[in-house]
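Asks: Right, I'll just put the structure down here and ask away after.
None of the figures in this text is laboratory data; all of them are computed from the coordinates on show. Note that the structure is predicted; figures quoted are calculated from it, not measured. When we count neighbours, we look across all protein chains shown, and the Cβ atoms used for this are built from the backbone with ideal geometry, even at glycine.
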Amino acid sequence: MRLYHGDILFAPRLGELTALPGGYLAVEQGVVQGVSPHLPEAWKGCPVEELGRRLLIPAFNDIHLHAAQLPMAGLGYDGTSDEWFSRYAYPTEQRYSSDLPYAREVNRDLIARLKENGIMRSVIMCATGSESTRDLMEQLMESGLGAFVGKMNSDYGAFGEAQESHQDSCAQTLELISWARGKSEKVKYILSPEFIPAVSQEMLTFLGELAQKEGLPVHSHMSEGPADLELVAGRFPQEGWYGPVWDRFGLFGQTPTVMAHCLYVTGEELELMARRGVYIAHCPNPAQNVPSGRYLSVRKALDMGIPVGLGSDIGCGHTLSMLENMVLAVQGSKMLTKEKPLTLADAFYLATKGGGSFFGRVGSFEPGYQFDALVIEDESLTRHRDYTLAERLQRLVYCGDSRNISRRFCGGNEVFI
Ligand code: FE
């Protein structure tokens, strides 16, 4: 057993911070055994890693991003969402799918940026190409980071021509699943239909059956704006909305499921999500970069018992910084004047345990949790007066950046940048 001695802070529940100034955290075989404000008798004699007055917090988890879109983050936000797709997203994804040396560089860069930003686990949608997806999985396996990664399925032209044929999409998906099976504890395949308007009915059937048969998780988008809602209602008039369509095909919580955005979800869809434990990847950043006329009430979703985590949504979001995404989530919630806004402690919970729970016991320092942690060197932010640990977290999130992250751990192993 190994001990870490420092200023420990984590969010075991929404809105609740546990602070242990000068506390101890015990880790065995990568798993947290417990925390204590003092050195307990039973832990005496264990090797101690001295962190001084540095903060020790759970690492961040990003539960929705697009690997292929990293090179276009920040672009196309002045136009409409259609222009964003046709001028930026699709051409950028096509190059990633067809040019492997280029995709390798993008993947390498993405992993470096995830590490830099203290994101130890992520849910990543690649583009339609299978080689670039496999390369990302391989590089992630070497990196020590955890992730769910999937090749995007997009066999139905939502806004023009389909990006791939149905046959290729199915064959490549099956091939990747069998290649990835049993290869890594931390990096796993996730079924990734782009969104309902971009997949055929046959694809929904294929993926739903595959999810059940292989027990595979699901990652997609839903209810982003009026344009995609109209396409869903047009093709599936019986259901009319995303939730019941996903559900009919077994892609809505029958296996672990994460849906990004959910800006226009109905009350019934939210109830179904709560019942089925379907995660919302709340992406505060894209809702402001390419607005679609509505903003998600995270408070309402949380009050209903829906599991929620944060997503950067690179490249419709421009930053992988979970610190910035936490600020945006809090600020965004304050624009919804009828709702109780998110507190910083709420946003910290979403960025750690909220999204982390999609990966199992991840995102907290309670006993039995994976030791996914960040050591925070915040002397530059706290030199002028005394701050509580909760205030130091606020200083870090609002005024700090990735340079304040001095060490990173994933599943007990130190990850070096
Ligand atoms: Fe997205």
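Asks: Just to be sure, is Gln139 touching a helix residue (DSSP H, G or I) at 6+ places or on another chain (Cβ under 6 Å) and either of a type in the set (Ser, Thr, Tyr) or over 20 Å from Val218 (Cα atoms) (or both)? Full working, then the answer.
Replies: Values: touching a helix residue (DSSP H, G or I) at 6+ places or on another chain (Cβ under 6 Å): yes; either of a type in the set (Ser, Thr, Tyr) or over 20 Å from Val218 (Cα atoms) (or both): yes.
Here the answer is yes, as Gln139 does meet what is asked.
Asks: Consider Ala281 carefully, then state whether it is of a type in the set (Gly, Ala, Ser) and without any contact (Cβ under 8 Å) to a residue 60 or more places away in the chain.
Replies: Numbers: of a type in the set (Gly, Ala, Ser): yes; without any contact (Cβ under 8 Å) to a residue 60 or more places away in the chain: no.
It is false that Ala281 is of a type in the set (Gly, Ala, Ser) and without any contact (Cβ under 8 Å) to a residue 60 or more places away in the chain.
Asks: Which strands (runs of 3 or more DSSP E) does the stretch 19-94 wholly contain that include 1 or more residues that are closer than 30 Å to His221 by Cα? I'd like the intermediate steps shown before the answer.
Replies: Values: elements: 31-36, 48-58, 60-66.
Passing ranges, in order: 48-58, 60-66.
Asks: State all residues of the stretch 135-157 that are away from the ligand (no atom under 15 Å from the Cβ), closer than 24 Å to Ile417 by Cβ and touching a residue at least 24 places away in the same chain (Cβ under 8 Å); if no residue qualifies, say none.
Replies: Result: Asp135, Leu136, Met137, Gln139, Leu140, Met141, Ser143, Gly144, Leu145, Gly146, Ala147.
Asks: OK, next. Tell me yes or no: at least one residue of the stretch 146-165 is within 22 Å of Met259 (Cα to Cα), in contact with a helix residue (DSSP H, G or I) (Cβ under 6 Å, 6 or more places away or on another chain) and in a helix (DSSP H, G or I).
Replies: no
Yes/no matrix, rows are residues, columns are (1) of a type in the set (A, V, I, L, M); (2) more than 16 Å from the ligand (Cβ to nearest atom); (3) buried (at least 19 other Cβ atoms within 10 Å of the Cβ):
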residue	(1), (2), (3)
Ala19	yes, yes, no
Gln29	no, yes, no
Lys44	no, yes, no
Pro47	no, yes, no
Leu55	yes, yes, yes
Pro71	no, no, no
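Asks: Step by step: first the residues of the stretch 204-227, then only those that are in contact with a helix residue (DSSP H, G or I) (Cβ under 8 Å, 6 or more places away or on another chain) and of a type in the set (Ser, Thr, Tyr), then the one that is farthest from Tyr279 (Cα to Cα). Which residue is that?
Replies: Looking at residues that are in contact with a helix residue (DSSP H, G or I) (Cβ under 8 Å, 6 or more places away or on another chain) and of a type in the set (Ser, Thr, Tyr), I get Ser223.
Asks: With respect to Ala329, is the statement that it is surrounded by 24 or more Cβ atoms within 10 Å (Cβ to Cβ) and either in contact with a strand residue (DSSP E or B) (Cβ under 8 Å, 6 or more places away or on another chain) or over 21 Å from Arg53 (Cα atoms) (or both) true?
Replies: Numbers: surrounded by 24 or more Cβ atoms within 10 Å (Cβ to Cβ): yes; either in contact with a strand residue (DSSP E or B) (Cβ under 8 Å, 6 or more places away or on another chain) or over 21 Å from Arg53 (Cα atoms) (or both): yes.
It is true that Ala329 is surrounded by 24 or more Cβ atoms within 10 Å (Cβ to Cβ) and either in contact with a strand residue (DSSP E or B) (Cβ under 8 Å, 6 or more places away or on another chain) or over 21 Å from Arg53 (Cα atoms) (or both).
Asks: Tell me, yes or no, whether the stretch 159-168 has at least one residue that is of a type in the set (Gly, Ala, Ser) and under 20 Å from the mean Cα position of the chain (by Cα). Can you show your working first?
Replies: Of the residues in the stretch 159-168, the ones of a type in the set (Gly, Ala, Ser) are 160, 162, 165.
Add one more test, that the residue is under 20 Å from the mean Cα position of the chain (by Cα), and what stays is none.
No, every residue in the stretch 159-168 fails to be of a type in the set (Gly, Ala, Ser) and under 20 Å from the mean Cα position of the chain (by Cα).
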